[in-house]
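Each reported figure results from applying straightforward, stated rules to the coordinates on display, with no laboratory input. All values reported here derive from a predicted model rather than from experimental measurement. In this analysis, Cβ positions are derived from the backbone assuming ideal geometry, glycine residues included, and neighbour counts consider all displayed protein chains.
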Amino acid sequence: METPKTVILRWGHRPRRDARLTTHVALTARALGAAGIILSDVSDKKIQETIEKITHNWGGAFFFKMGIPWKKVVKDWRAESGKVVHLTAYGENIETSNILAKIRSMEKDILVIVGSQKVPKEFFSEGISDYNVAIGNQPHSECASLAIFLDRLFDGKSLMRSFENAKVSIIPQKRGKRIIEKTSALV
Ligand SMILES: C[S@@+](CC[C@H](N)C(=O)[O-])C[C@H]1O[C@@H](n2cnc3c(N)ncnc32)[C@H](O)[C@@H]1O
């Protein structure tokens, strides 16, 4: 089965308050196998710079887009036959339901919506999300829920992926740090 292209829609970012968490959501998305992230409705140049610098240095083709209205993102995604997964504590439990098997068997590209503040009711509707998925039915974090969802979707394989054109890479060690760094890395 082919790995679906997976893109994250980060909704509800509040530039002052959420900068660090949104950065972590984007880094998690990149490290765990997503193709890119869309920060909907608002722009935050600082986050964009941070993520693009990380991608330049650590490799891969991860994209960062921002400022696109969320409704347009969803509409365009669905128009291309992609499916939409909304991560929410209120959804179908990923462990106790067959939701992950259903999502996998579709073999469609996936847009994963994660919120920050309380999300619009519409997110739960058929018109927006194909699946409402809970990473357990306790409220926790967008970062944690995204990490677990992607890890399960890709069956842990993203953790051993190598990132093409990396200028910096880690050689795993039992102790201490070993890094290979090319001169073209940005500091
Ligand atoms: C910190 S929560 C805030 C949720 C908000 N209080 C509400 O009721 O919608 C931010 C985001 O984390 C994600 N999230 C939190 N807990 C989750 C869970 N158990 N399963 C899936 N996603 C979760 C959801 O995407 C949610 O929009």
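Please state the charge dipole magnitude for the range 6-181, taken about the Cα centre, from unit charges on C-beta atoms (+1 on K and R, -1 on D and E), reported in debye and rounded to the nearest 20. Display every interim value, and only then the final one.
Details: 28 positive and 19 negative charges, 130 e Å.
Taking the Cα centre of the range 6-181 as origin, the dipole is about 620 debye.
Can you figure out the FRET efficiency of Arg78 with Leu159, using R₀ = 25 Å and their beta-carbon distance, to the nearest 0.05? Please report the intermediate quantities before stating the final value.
Working: r = 30 Å, r/R0 = 1.20.
With a Förster radius of 25 Å, E is 0.25.
Going by amide H atoms built from the backbone, whose H comes under 5 Å of the H on Gly36, apart from near neighbours?
Distant-sequence amide H within range of Gly36: Ile8, Phe63.
If the viscosity is 1.567 mPa s and the temperature 4 °C, what translational diffusion coefficient in µm²/s does Stokes-Einstein give for the range 16-59 when Rh comes from Kirkwood over Cα pairs?
The estimated diffusion coefficient comes to 120 µm²/s.
Sorting Arg17, Arg175 on the 10 Å Cβ count, fewest up front, what's the list?
Neighbour counts put them in this order, fewest first: Arg175, Arg17.
Distance between Cα centroids, the range 104-141 to the range 12-76: provide it in whole Å.
Between the Cα centres of the range 104-141 and the range 12-76 lies a distance of 17 Å.
At q = 0.12, 0.14, 0.16, 0.17 Å⁻¹, what is the base-10 log of I(q)/I(0) for the range 47-148 according to the Debye formula with one equal point scatterer per Cα and no solvent? Please give it to two decimals.
Debye curve over Cα of the range 47-148, log10 I(q)/I(0) at q = 0.12, 0.14, 0.16, 0.17 Å⁻¹: -0.46, -0.63, -0.81, -0.90.
Which one of Leu186, Val133, Phe163 has its Cα pushed farthest toward the positive end of the charge dipole of the chain, where Lys and Arg give +1 and Asp and Glu give -1 at the Cβ?
So the residue we want is Leu186.
Among Thr88, Thr22, Thr96, whose mean-square fluctuation peaks in a Gaussian network model of the chain (Cα, cutoff 10 Å)?
For the chain, modelled as a Gaussian network with Cα springs under 10 Å, the answer is Thr96.
Over 30 Å, how big is the tail of the calculated P(r) for the chain, in percent of all Cα pairs?
It works out to 19 percent of all Cα pairs.
How much length would be gained if the chain were fully extended between Leu21 and Leu186, taking 0.36 nm per residue of separation minus their Cα-Cα distance, in nm to one decimal?
57.1 nm
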